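Chemist: One structure, as structure tokens, below. Some questions next.
Every number in this text was worked out from the coordinates using simple rules, so none of it is lab data. These figures come from a predicted structure and were not determined experimentally. Counting neighbours? That spans all protein chains shown, and the Cβs are built from the backbone with ideal geometry, glycine included.
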Amino acid sequence: MEAETELKSRVPREREGMTLLAYLAGRFRYRTAEEWAAKIRQGSIKVNGEAGEPGRLLFKGDWVAYTTVLREPEVDRGIRLLHQEADFLVAYKPGQLPSHADGTFIRNTFIQILTERLRQEGWTGFVGLVHRLDRETSGLMLVAKDRKAQAALQRQFEKGRVEKEYLAVCRGRVEADRMTADGAIGHDLASEIKIRRAVVRPQDQEDAKPALTEFEVLGRGREASLLRCVPKTGRTNQIRVHLEALGHPLVGDKLYGRTDGQFLEYLRHVKAGGDPGWEGHLETRRHLLHASRLSFLHPGTGERLAFECGMPEDMRLHWERARS
């Protein structure tokens, strides 16, 4: 018998006063309003522990819980430990593996799989993310094994002391050898997708944040280019947003360089238990972005450390085909 799982969402200030049905249909658009209404009638939705009604008004801070049989998509579990010390480690995260619990991914995540592996090896202490990579982005991840070290390393990210480099395969032939994108990033107000970001004018959005990314062309094909990407700031989806703004979105990106309808179609596919690779719809099973270099200060000694990780096989094979 399959076990049920309870997924929770806390109502933010801007959605206060909405009905339960409107909240679910607007916030989680991978189901239609009719489908959410059916889930409410089945008793699958609770508000603050009580069975919900479609017309129930919600308040800021309310907990909306959804009970379901969780069928998590398969993930690439090929995590590799590249460096390990008493209070931190550096590991390779494959693409198609979420950094942490998100949506349909609860157990099949980088931090959960890594923690289970460390437990099997006898580690009983703390294990915590210092930063994250998007689910489909492969590459270097820094993980703390001590809360004090975690706080110290996170401060480095916040203060811009961590140096990061990425490899990306983008759509189209980029003619310039080097490009700089310095557009501020904020919410994409023209999109219905809440998580979508865009380059915006700071005077149009109070919460827009300055962002700077440097790009260098490493290779060109007829319909794709290989780039070295150096983000100088750390905004959400920064490289992906800047590449879309430059007219060269990532190969395989499902959110940027696509319409809202295409992204929602993908979400419905995954929520229904479909293959996250979305075979037949995209050039590749994942977007081709790889965190190839990470440099930071040792949380104990202050020494600068640097780690590198070459292009993964799936990305290499696609690029070899694209450039020929």
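Chemist: Quick one: what are the phi-derived ³J(HN,Hα) couplings along the range 204-220, Karplus 6.51/-1.76/1.60 with θ = phi - 60°, whole Hz, x for glycine and proline?
Modeler: In residue order, the calculated couplings are 8, 9, 5, 8, 5, 10, x, 8, 9, 9, 9, 10, 10, 7, 9, x, 10 Hz.
Chemist: Can you work out the FRET efficiency for the pair residue 178 and residue 77, with r the C-beta to C-beta distance and R0 = 41 Å, to the nearest 0.05?
Modeler: Approximately 0.65, to the nearest 0.05.
Chemist: Take the Cβ-Cβ distance between residue 324 and residue 216 as r, set R0 to 30 Å, and report the resulting FRET efficiency rounded to the nearest 0.05.
Modeler: Once the sixth-power term is evaluated, E becomes 0.90.
Chemist: Which whole-Hz ³J(HN,Hα) couplings does the range 288-294 yield from phi under the Karplus relation 6.51 cos²θ - 1.76 cosθ + 1.60, θ = phi - 60°, glycine and proline marked x?
Modeler: My calculation for the range 288-294 gives 8, 10, 9, 7, 9, 9, 9 Hz in order.
Chemist: If you don't mind, there's one more thing I want to ask. Which value does Rg/Rh take for the chain over its C-alpha atoms, Rh per Kirkwood?
Modeler: So for the chain, dividing Rg by the Kirkwood Rh gives 0.97.
Chemist: Any chance you could check the Cα centroid distance between the range 265-324 and the range 105-121 for me, in angstrom?
Modeler: Between the Cα centres of the range 265-324 and the range 105-121 lies a distance of 19 Å.
Chemist: Right, another one. Sorted from largest down, what three extents in whole angstroms do the Cα atoms of the range 112-154 have along their principal axes?
Modeler: Taking the Cα atoms of the range 112-154, the three principal extents are 29, 24, 12 Å.
Chemist: Can you tell which of 314, 204, 253 shows the greatest fluctuation in a Gaussian network model of the chain with Cα springs below 10 Å?
Modeler: 204
Chemist: Another one. May I ask for the percentage of alpha-carbon pairs in the range 47-177 that lie more than 16 Å from each other? Please list the in-between numbers first.
Modeler: On the way: 6082 of 8515 pairs.
Roughly 71 percent, once rounded to a whole number.
Chemist: Obtain the nm distance between the two label points defined at residue 195 and residue 161 by a simple spin-label model: each point lies 7 Å from its Cα along the Cα-to-C-beta direction.
Modeler: 3.1
Chemist: Now a separate question. Using a Gaussian network for the chain with springs between C-alpha atoms less than 10 Å apart, which of these wobbles most: 287, 248, 131?
Modeler: Comparing 287, 248, 131 in the GNM, the peak value goes to 131.
Chemist: Lys pairs in the range 1-141, Cα-Cα under 18 Å, at least 8 apart or on separate chains: how many?
Modeler: Close lysine pairs under the 18 Å cut-off: 4.
Chemist: Taking the 0 to 90 degree range and rounding to the nearest ten, how far is the long axis of helix 313-323 tilted relative to the main principal axis of the chain, both from C-alpha atoms?
Modeler: 70
Chemist: When ranked by the protection proxy of mean other Cβ atoms within 10 Å per residue, highest first, what sequence do the peptides 163-171, 295-303 form?
Modeler: Answer by packing, highest mean first, reads 163-171, 295-303.
Chemist: How big is the shadow of the Cα convex hull of the range 73-114, averaged over all directions, in nm²? All intermediate terms of the calculation are to be shown ahead of the outcome.
Modeler: Numbers: hull surface 11.8 nm².
Mean projected area for the range 73-114: 2.9 nm², to one decimal.
Chemist: Please work out the Cα convex hull volume for the range 4-69 and give it in Å³ per residue.
Modeler: 73
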